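Participant: Just passing along the structure, written as structure tokens.
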């Protein structure tokens, strides 16, 4: 499947990046400014959920939809983000 191959190539590329500056340069090159700001927001959602903050409070504080927060919650329930 082509998309799996491309995903693996992306992962391998990310793993080769050694510094924060290199990572920022790479991300700015492949993501739009809006996309670039969404990724840290998703991480913040996960961290806040793991601290026990309510989905509604997270939605309000980060100006995101409740569905976005719920998605993060479902991913945590699946066992993801163990190292976050």
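Participant: What does the convex hull of the Cα atoms of the chain come to per residue, in Å³, rounded to a whole number? Can you show the working numbers first?
Facilitator: Values: hull volume 11.1 nm³, N = 84.
Value for the chain: 132 Å³ per residue.
Participant: How far, in degrees from 0 to 90, does helix 20-30 lean away from the longest principal axis of the Cα atoms of the chain, to the nearest 10?
Facilitator: Between the helix axis and the principal axis of the chain, the angle is about 90 degrees.
Participant: A further question on this structure: Tell me what the chain gives for mean residue ellipticity at 222 nm when only DSSP H runs of n ≥ 4 count, each as -39,500 (n - 2.57), the sum divided by the residue total, rounded to 500 deg cm²/dmol. All intermediate terms of the calculation are to be shown ahead of the outcome.
Facilitator: Values: 5 runs with 64 residues, N = 84.
After summing the helix terms and dividing by the residues of the chain, the value is -24000 deg cm²/dmol.
Participant: Using only Cα atoms, locate the centre of the stretch 15-29 and the centre of the stretch 31-68, then give the distance between them in Å, rounded to an integer.
Facilitator: Cα centres, the stretch 15-29 to the stretch 31-68: 22 Å.
Participant: Related question: Between residue 63 and residue 4, what length in nm is gained on full extension when 0.36 nm per residue of separation is reduced by their alpha carbon distance?
Facilitator: On the way: separation 59, 0.36 × 59 = 21.24 nm, distance 3.22 nm.
The residue 63-residue 4 span can extend by a further 18.0 nm.
Participant: So, R0 is 22 Å and r is the distance between the beta-carbons of residue 19 and residue 75; what FRET efficiency does that work out to, to 0.05? Before the final figure, lay out the partial values.
Facilitator: On the way: r = 28 Å, r/R0 = 1.27.
Using R0 = 22 Å, I get an efficiency of 0.20.
Participant: Measure nothing fancy, just the Cα-based angle from helix 66-77's long axis to the longest principal axis of the chain, in degrees from 0 to 90, nearest 10.
Facilitator: Taking Cα atoms only, the helix is inclined about 80 degrees.
Participant: OK, next. Starting from 0.36 nm per residue, how many nanometres of slack lie between residue 51 and residue 39 once their C-alpha separation is accounted for? Numbers along the way, then the final one.
Facilitator: Working: separation 12, 0.36 × 12 = 4.32 nm, distance 1.89 nm.
Answer, rounded to one decimal: 2.4 nm.
Values in this text are rule-based calculations from the coordinates and carry no lab data. Keep in mind that this is a model prediction, so the values were computed, not measured. So basically every Cβ, Gly included, is an ideal-geometry build from the backbone, and we count neighbours across all protein chains shown.
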